[in-house]
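The values are calculated or read from the model by the stated rules, or taken from the named source; none is laboratory data. Worth saying up front: this structure is predicted, and the values here are computed from it rather than measured. For neighbour counting, all protein chains shown are included, and Cβ atoms are generated from backbone atoms with ideal geometry for every residue, glycine included.
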């Protein structure tokens with residue numbers, strides 16, 4: 001009987017990738033891990049024990065001690081620095097190149113398809129391409145991620161059921177070839193609030209979700225991806241072998257396919273409690289969870305908030321480690337960077353830390369991995385099941 005826990009610290013990058021000068025020059029100075037540690041008094045003793053100082057490799061910031069986990073870094077195989085694609089890559093998908101598209105160009109096609117389905121469509125902000133559907137749901141560019149990669153479908157859940165927002169999102173997905181289409185909704189807002197928080201920029205136009213303050217306990221979201229086959233990912237492979245799989249935090253939003261339980265908790269302490277509560281009564285299986293509030297702090301360009309979330313994660317990881325039996329697996333990684341110190345609110349194209357702890361086993365250096373999918377391949381190797389479509393195990 002085996003148990004494995006994967007914890008993704010969203011946006012906790014380990015330094016700009018080598019290709020950024022050519023593909024994302026704005027990220028040349030990004031190093032989320034280093035800059036958060038440098039600029040705050042963050043206390044992360046357990047991540048340090050696991051081996052984070054060996055990844056950082058600067059004893060003046062984190063003292064080097066014998067690590068509990070094997071340590072290394074992962075390159076992003078996917079283009080850009082995207083949470084959805086990053087998470088799916090972590091779970092074993094081989095990313096394919098989406099198109100860069102904006103609502104201005106997609107609006108006529110989306111309008112035509114929606115009208116054919118019986119919806120009323122208006123243009124509430126002239127010259128932007130933003131669509132208002134049935135005076136309830138706003139279709140616009142995503143303003144938090146890479147430009148042209150995501151179309152958001154935003155509604156007010158006090159007046160519009162999420163099922164309707166999701167239905168509109170699925171129709172948009174048949175048109176857009178962007179990395180993601182995201183139907184989402186929250187309570188305590190109106191459609192007027194959504195429209196009042198529209199931001200118009202030269203290249204894209206969308207809703208400022210931070211200002212809208214939509215991320216609360218009633219927030220609902222689904223991520224409709226481009227070219228992802230969940231049957232080839234580790235969670236589906238494990239489920240088909242009769243193993244229990246649980247998805248918590250953002251992982252529950254962005255990974256599709258059948259699992260035992262999913263809970264898209266945003267609160268970091270809540271996510272750690274979900275993991276520990278599940279471990280108390282789980283004899284065998286896999287828990288995959290994301291701490292999202294690090295990423296939200298990056299978007300807010302707030303290193304102190306980022307550090308505070310890391311401290312919650314650090315204490316939670318210690319609890320998880322103590323609950324694991326010898327020989328059980330704990331993996332900590334990230335999906336991209338989100339450096340809050342370099343003057344951008346966007347994700348940064350960074351390597352990610354990789355900590356792989358088989359409790360009680362010797363640690364070793366893992367080097368720089370080609371893809372985040374090595375995480376899924378490692379989990380498959382650990383459980384002795386078929387490999388996902390992409391990635392190489394670090395256990396061999």
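Hey, among 366, 354, 372, which residue is crowded, with 18+ Cβ neighbours inside 10 Å and assigned to a loop (DSSP other than H, G, I, E, B)? Within the list 366, 354, 372, the selection yields 372. May I ask you to list the residues in region 1-24 that are surrounded by fewer than 15 Cβ atoms within 10 Å (Cβ to Cβ) and either at pLDDT 95 or above or closer than 26 Å to residue 376 by Cα (or both)? Across region 1-24, the qualifying residues are 1, 18, 19.
The number of residues in region 158-169 that are in contact with a helix residue (DSSP H, G or I) (Cβ under 8 Å, 6 or more places away or on another chain) and either within 15 Å of residue 212 (Cα to Cα) or part of a helix (DSSP H, G or I) (or both) comes to 1.
Quick check: anything in region 284-295 assigned to a loop (DSSP other than H, G, I, E, B) and in contact with a helix residue (DSSP H, G or I) (Cβ under 7 Å, 6 or more places away or on another chain)? Scanning region 284-295 turns up at least one residue that is assigned to a loop (DSSP other than H, G, I, E, B) and in contact with a helix residue (DSSP H, G or I) (Cβ under 7 Å, 6 or more places away or on another chain). Scanning region 184-201 for residues that are farther than 20 Å from residue 105 by Cβ and touching a strand residue (DSSP E or B) at 6+ places or on another chain (Cβ under 8 Å) gives 184, 185, 186, 187, 189, 190, 191, 193, 194, 195, 197.
Answer yes or no as to whether residue 384 is within 25 Å of residue 326 (Cα to Cα) and modelled with pLDDT of 95 or more. So residue 384 passes the test. Here are the criteria: (1) within 26 Å of residue 107 (Cα to Cα); (2) under 19 Å from the mean Cα position of the chain (by Cα); (3) touching a residue at least 40 places away in the same chain (Cβ under 8 Å); (4) buried (at least 19 other Cβ atoms within 10 Å of the Cβ). Tell me which single one residue 204 does not satisfy. Looking at each condition in turn, residue 204 falls short on (2). Flag not set for residue 109, criterion: surrounded by fewer than 23 Cβ atoms within 10 Å (Cβ to Cβ), in contact with a strand residue (DSSP E or B) (Cβ under 7 Å, 6 or more places away or on another chain) and not assigned by TED's automatic domain parsing to the domain that holds residue 257. Among the residues of region 39-74, those that are without any contact (Cβ under 8 Å) to a residue 24 or more places away in the chain and either under 19 Å from residue 13 (Cβ atoms) or not in a helix (DSSP H, G or I) (or both) comprise 48, 53, 57, 59, 60, 63, 64, 65.
Surrounded by fewer than 23 Cβ atoms within 10 Å (Cβ to Cβ) and at pLDDT below 95: which single residue out of 345, 393 fits that description?
None of the others qualify; the one that does is 345.
Condition test on residue 154, is it in a loop (DSSP other than H, G, I, E, B) and at pLDDT 95 or above? No; evaluated as a whole, the condition is false for this residue.
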